[in-house]
């Protein structure tokens, strides 16, 4: 009985640390992705033909960058930008190092989510703001972003859920977190129970984030 309790205690501590590492990777990379992804998405939208600052060349360039960024599989991206990761954090292994590829992968995803959310806004609202003499920055801050806020929140929620999956993948190749535990302690040591527990924790994290995102989006949706 004592051995069983010792075993459970040891692995519960390991799973707790893995969960905290996963949350750390996801939260920091999500913040970075939002900081860079929202301006990129807004700029892509407003430079479309017929919008407030049309610019065909810039729009096609940004659209291409976003599409390319979303097309690269995460596992390939993580390996491809190892030099960048080392230049930023000094190493390519570990939880902090995994944040770099996670953020790089999430930025174009957030940008596309923002672009799609802004395109759903009724053009009549934008035209009304323009007719009243609102400057482009005022339209962005006071019309586009507030109108698209519920969709943006759901988009950020979806990004966070995707990052949980990416973080597990990063953990499988030295990034730490639950993915690392599942591979090292579950797969390599044939501990099926560890694999099951990591999966359960990941599912619970996804469910919690989705629930919170839905609640927040509903709170700000006044339609």
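No value in this document is a laboratory result; all are computed from the given coordinates. Given the structure is predicted, the values throughout are model-derived calculations rather than measurements. Neighbour counts run over all protein chains shown; Cβ positions are idealised from the backbone, glycine included.
Quick look at the values:
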| read-out | value |
| --- | --- |
| Members of region 203-214 that are free of Cβ contacts under 8 Å to residues at least 60 places away in the same chain and surrounded by 12 or more Cβ atoms within 10 Å (Cβ to Cβ) | 206, 209, 210, 212 |
| Scope region 175-191; condition in a helix (DSSP H, G or I), in contact with a helix residue (DSSP H, G or I) (Cβ under 7 Å, 6 or more places away or on another chain) and surrounded by fewer than 18 Cβ atoms within 10 Å (Cβ to Cβ); matching residues | 187 |
| Out of 156, 89, 104, sole residue that is on the phi < 0 side of the Ramachandran plot and touching a residue at least 40 places away in the same chain (Cβ under 8 Å) | 156 |
